[in-house]
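The values are calculated or read from the model by the stated rules, or taken from the named source; none is laboratory data. In this text, all values refer to a predicted model and were calculated from it rather than measured experimentally. Here the Cβ is made from the backbone with ideal geometry for all residues, glycine too, and neighbour counts use every protein chain on show. When the accessible area is computed, the model is the full protein with side chains, heavy atoms only, and any ligands, DNA or RNA have been set aside. Shrake-Rupley method; radii C 1.70, N 1.55, O 1.52, S 1.80 Å.
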Amino acid sequence: PDTQASRGDASTRALRSAFAYAHALMVAGAIVVAVSIELRISHADTDPSVVLTTVGGPLIYLAGNILFLRSRTGAVARARYVAATALVVVGALGLVLGHAVPSLAIGVATVAVMATLAVVTQLTPQQTSPTTTG
């Protein structure tokens, strides 16, 4: 038997690894979102841990999603990068403004970014080639 075929070459191993790690990142992102909800419920103040978990969970999820899409199709829609940038901006503003902004506002802004990404993704036509932009 051909051992290289059963093990795959280096590129297939890399893709399988990316595929496996992508799912782990997406699950980790969901867990961080759950932690952020608990922090917002239990902390009245907007401290750095609240801000970082609120935007960090979706950012970790997006990192996994981007890795998954790149390993599966070789292409990632620009909208995911725009959403990640918007989350970084929300997080930076939350950290700079601190207690002046309610933690609920950071949560609502984060949900708005992710909901917008979901709508844009749904409305953008999908192509079958690796140059997908939707």
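Looking at GLY94, GLY74, which is the one that is assigned to a helix (DSSP H, G or I) and more than 15 Å from the chain's Cα centre (by Cα)?
On the way: GLY74 fails: assigned to a helix (DSSP H, G or I).
Residue meeting the stated conditions: GLY94.
Hey, can you tell me all the residues within the stretch 50-67 that are open to solvent by 40 Å² or more (accessible area, probe 1.4 Å) and either among the small types (Gly, Ala, Ser) or over 8 Å from the mean Cα position of the chain (by Cα) (or both)?
Of everything in the stretch 50-67, those that are open to solvent by 40 Å² or more (accessible area, probe 1.4 Å) and either among the small types (Gly, Ala, Ser) or over 8 Å from the mean Cα position of the chain (by Cα) (or both) turn out to be LEU52, ALA63, LEU67.
Can you pull out every residue in the stretch 115-134 that is polar (S, T, N, Q) and modelled with pLDDT of 95 or more? Talk me through it step by step, then tell me what you get.
Residues of the stretch 115-134 polar (S, T, N, Q): 116, 121-122, 124, 126-129, 131-133.
Within the stretch 115-134, just THR116 meets the criteria.
Could you list, in sequence order, all residues of the stretch 100-109 that are out of contact with any helix residue (DSSP H, G or I) (no Cβ under 7 Å at 6 or more places or on another chain) and open to solvent by less than 60 Å² (accessible area, probe 1.4 Å)?
ALA105, the sole residue that qualifies.
Which one is modelled with the lowest pLDDT among residues in the stretch 68-99 that are open to solvent by less than 50 Å² (accessible area, probe 1.4 Å), more than 22 Å from THR46 (Cβ to Cβ) and not hydroxyl-bearing (Ser, Thr, Tyr)?
Within the stretch 68-99, the match that is modelled with the lowest pLDDT is GLY74.
Would you mind stating whether ALA112 is surrounded by 11 or more Cβ atoms within 10 Å (Cβ to Cβ) and either at pLDDT 95 or above or of a type in the set (S, T, N, Q) (or both)?
Numbers: surrounded by 11 or more Cβ atoms within 10 Å (Cβ to Cβ): yes; either at pLDDT 95 or above or of a type in the set (S, T, N, Q) (or both): yes.
Answer is yes for this residue.
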